[in-house]
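Chemist: Below you will find the structure I want to go over with you.
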Amino acid sequence: MPDVNSDLMTPISTTPLVEISGLCKWYGKFSALFDINLNVSRGEKVVVCGPSGSGKSTMIRCINQLEEHQAGRILVDGKEVKPGMKNIEDVRRDIGMVFQSFNLFPHMTVVDNLTIGPIRNKGISKSDATETAMHFLERVHISEQATKYPPQLSGGQQQRVAIARALCLKPKIMLFDEPTSALDPETIAGVLDVMIELADGGMTMICVTHEMGFARKVADRVVFMDHGEIVEIADPKSFFNNPQTDRSQLFLSQLLGH
Amino acid sequence: MDRNSPPVAAKGRFTLLDYLLFGIVIAFVFYAVYRVNDVLVYQWNWERVLGFLVKYDEESQSWVSNLLLQGLATTLRLAIWATLFATLVGVVMGYWRTCQNLTLRIIARCYVELIRNMPPVVFIFIFYFFVSSQIFPAMGIDSIDTQGEFAQSEVFYFLFGNPALFSNFLAGMICLALFEGAYITEIVRAGIQSTPTGQWEAARAIGLSHFNALRDVVIPQAIRKILPPLAGQFITLIKDSAIISLISIQELTFIATEVAASTTRVFETWILVGLMYFGLCYSFAVLFAYLEKRAKRSDR
């Protein structure tokens with residue numbers, strides 16, 4: 001990408017949009033995350049990868065408190081996000097999230113899936129919300145499906161609807177939790193195209209994904225996690241060509257080698 | 001092979017084996033009837049019992065409903081009111097069973113376990129002899145004016161039956177509602193919990209509050225799933241209402257006991273009453289099956 005920062009390891013932007021420091025999380029005695037430190041600047045695209053069970057999803061789910069952390073600090077746009085906080089809804093509205101299994105509401109039409117959030121949270125009128133919804137459905141190339149129900153769509157179409165649903169809240173950052181892992185191979189490209197367009201439009205993104213082509217093309221930085229820790233942070237070129245740690249070398253050889 | 005004419009499935013058609021089985025069943029029935037007629041010296045007399053269904057009123061020169069039909073009406077009233085209350089109790093308790101607050105969870109759990117692990121008859125005796133003889137008078141329900149204008153109106157009679165028996169009716173209805181409510185609680189809980197966690201997460205992720213997530217996302221999906229078991233529970237409630245006869249609520253079973261005693265036509269009375277219950281419950285079953293089918297069609 002031409003607009004990538006020259007100094008990738010230390011982004012220059014003044015205030016990071018997301019600041020994670022000393023983040024820890026346990027499930028019972030199992031340490032899922034330990035001492036995670038990561039700053040994400042405005043407009044930055046971060047790809048998180050690592051073996052399954054390495055804590056990638058748990059980390060990004062802590063950012064909008066779908067998982068509650070037990071130690072450390074998370075700041076989103078300068079505001080601290082912590083367990084049990086009041087008005088967590090206000091924070092979540094600024095954070096779009098796309099899930100592996102889409103999680104569209106099956107009893108609502110596509111357009112209702114998109115408008116329910118803005119109508120309930122922001123008190124936006126139904127007609128305004130519908131207008132916004134149609135705009136984003138066009139952006140994910142699926143406006144002709146607006147009146148259908150999610151189960152009538154293919155996986156790739158559902159995931160694009162899910163992306164549009166998140167965008168309708170005009171979030172400051174988008175979190176992607178393995179968005180293409182549950183898709184048939186032929187529908188993955190459509191979803192990745194939408195994500196690339198979104199990245200080109202300047203959206204701040206944290207993507208947990210194993211799509212290495214996407215990471216090369218879009219990511220400003222690649223974060224490699226293993227056993228609940230961040231093992232390596234590097235720009236995609238040096239990460240893929242010259243991984244620094246044994247664990248990342250092993251992971252890449254397994255992922256690319258077959 | 002023609003691609004446009006698939007082979008027809010054989011399911012749903014009578015085969016030789018079906019005819020054979022039918023023949024055996026019919027033969028057995030005839031044999032049983034023949035033997036019973038032979039041995040049993042019983043003079044069937046339907047006329048007297050049917051007279052308790054409808055009778056010819058000399059004064060108004062017309063056919064009017066008699067005790068058994070009135071009992072059926074009471075059963076129906078009882079069932080409908082009890083269903084409404086049981087649903088109310090069940091929805092609240094079912095929600096409490098799943099909510100974050102520990103106290104509410106304990107209350108709902110105790111209610112369900114207490115009622116499900118006690119025979120209905122025992123529960124009804126406890127409830128009736130304690131609650132309705134102690135709490136109702138304390139609440140002033142016994143002293144309701146049965147001669148008042150509303151109590152004497154057609155509307156009151158249509159809704160609650162004879163005003164003189166109102167507190168009795170209320171006690172029976174609440175007994176039944178609390179009893180069935182425990183089962184509805186479990187149906188509602190299962191419905192709420194059957195909604196995948198991903199739905200909750202997606203709802204929370206787009207900034208919906210807990211209440212909105214419940215109302216817009218979880219409950220609409222839960223309702224579709226629980227309607228069939230709820231319909232089944234409603235029919236069970238109609239049948240269970242027979243137990244209420246033990247505390248002298250004048251519903252169908254109570255009246256039937258009296259009719260059987262006074263006419264001494266025990267077989268006829270109970271066969272007739274059995275058919276009345278069957279007719280009532282089966283028509284509701286057909287109605288619910290129809291509604292369910294329609295709901296599915298309008299689904300998408």
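The values are calculated or read from the model by the stated rules, or taken from the named source; none is laboratory data. What you are looking at is a predicted structure, and each value in this text was computed from that prediction instead of being measured. Positions of Cβ are generated from backbone atoms using ideal geometry, with glycine treated the same way; all protein chains shown enter the neighbour counts. Only protein heavy atoms, including side chains, enter the accessible area calculation; ligands, DNA and RNA are left aside. Shrake-Rupley method; radii C 1.70, N 1.55, O 1.52, S 1.80 Å.
Chemist: Say we look at the range A:1-26 and pick out the residues that are among the hydroxyl-bearing types (Ser, Thr, Tyr) and surrounded by fewer than 10 Cβ atoms within 10 Å (Cβ to Cβ); which of these is modelled with the lowest pLDDT?
Modeler: Per the stated criteria, the residue is A:Ser6.
Chemist: Tell me the strands (runs of 3 or more DSSP E) entirely within the range A:125-236 that contain at least 2 residues that are open to solvent by less than 50 Å² (accessible area, probe 1.4 Å) and of a type in the set (Val, Ile, Thr).
Modeler: Fully inside the range A:125-236 and qualifying: A:204-208, A:221-226, A:229-234.
Chemist: On to the next question. For the range A:121-137, what are the residues that are closer than 19 Å to B:Val217 by Cα and in contact with a Lys or Arg (Cβ under 9 Å, 6 or more places away or on another chain)?
Modeler: Matches in the range A:121-137: A:Asn121, A:Lys122, A:Ala129, A:Ala133.
Chemist: Counting only residues that are of a type in the set (Lys, Arg), touching a Ser or Thr at 6+ places or on another chain (Cβ under 9 Å) and within 12 Å of chain B (Cβ to nearest Cβ), how many does the range A:116-157 have?
Modeler: 2
Chemist: For residues that are more than 7 Å from chain B (Cβ to nearest Cβ) and over 21 Å from A:Ser154 (Cα atoms), tally how many sit in the range A:82-114.
Modeler: Count: 12.
Chemist: Still on this structure: Residues that are open to solvent by 90 Å² or more (accessible area, probe 1.4 Å) and part of a loop (DSSP other than H, G, I, E, B): does the range B:77-88 have at least one?
Modeler: No, the conditions are met nowhere in the range B:77-88.
Chemist: Right, something else. Mind listing whichever residues of the range B:1-34 are among the hydroxyl-bearing types (Ser, Thr, Tyr) and open to solvent by 80 Å² or more (accessible area, probe 1.4 Å)?
Modeler: Across the range B:1-34, the qualifying residues are B:Tyr19, B:Tyr31, B:Tyr34.
Chemist: Next up: Being part of a strand (DSSP E or B) and under 22 Å from A:Pro171 (Cβ atoms) is the filter here, so list the residues in the range A:22-56 that pass it.
Modeler: A:Leu23, A:Ile36, A:Leu38, A:Asn39, A:Val40, A:Lys45, A:Val46, A:Val47, A:Val48
Chemist: From the list A:Asp246, A:Asp220, exactly one residue is free of Cβ contacts under 8 Å to residues at least 12 places away in the same chain and among the charged types (D, E, K, R). Which is it?
Modeler: A:Asp246
Chemist: So, of the residues in the range A:63-81 that are in contact (Cβ under 8 Å) with a residue 40 or more places away in the chain and within 27 Å of A:Leu114 (Cβ to Cβ), which turns out to be nearest to the other protein chains (Cβ to nearest Cβ)?
Modeler: This residue is A:Asn64.
Chemist: Next question, about the same structure. Restricting attention to helices (runs of 4 or more DSSP H) lying wholly within the range B:155-267, give those where 2 or more residues are closer than 28 Å to B:Tyr277 by Cβ.
Modeler: Result: B:166-194, B:219-240, B:252-263.
Table: residues versus (1) more than 15 Å from the chain's Cα centre (by Cα); (2) polar (S, T, N, Q); (3) modelled with pLDDT of 90 or more.
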| position | (1), (2), (3) |
| --- | --- |
| A:Gly123 | yes, no, no |
| A:Ser127 | yes, yes, yes |
| A:Phe136 | yes, no, yes |
| A:Leu167 | no, no, yes |
| A:Lys172 | no, no, yes |
| A:Pro179 | no, no, yes |
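Chemist: Being of a type in the set (Gly, Ala, Ser), under 28 Å from B:Cys281 (Cα atoms) and either crowded, with 20+ Cβ neighbours inside 10 Å or within 14 Å of chain A (Cβ to nearest Cβ) (or both) is the filter here, so list the residues in the range B:204-236 that pass it.
Modeler: Hit for the range B:204-236 is B:Ala222, nothing else.
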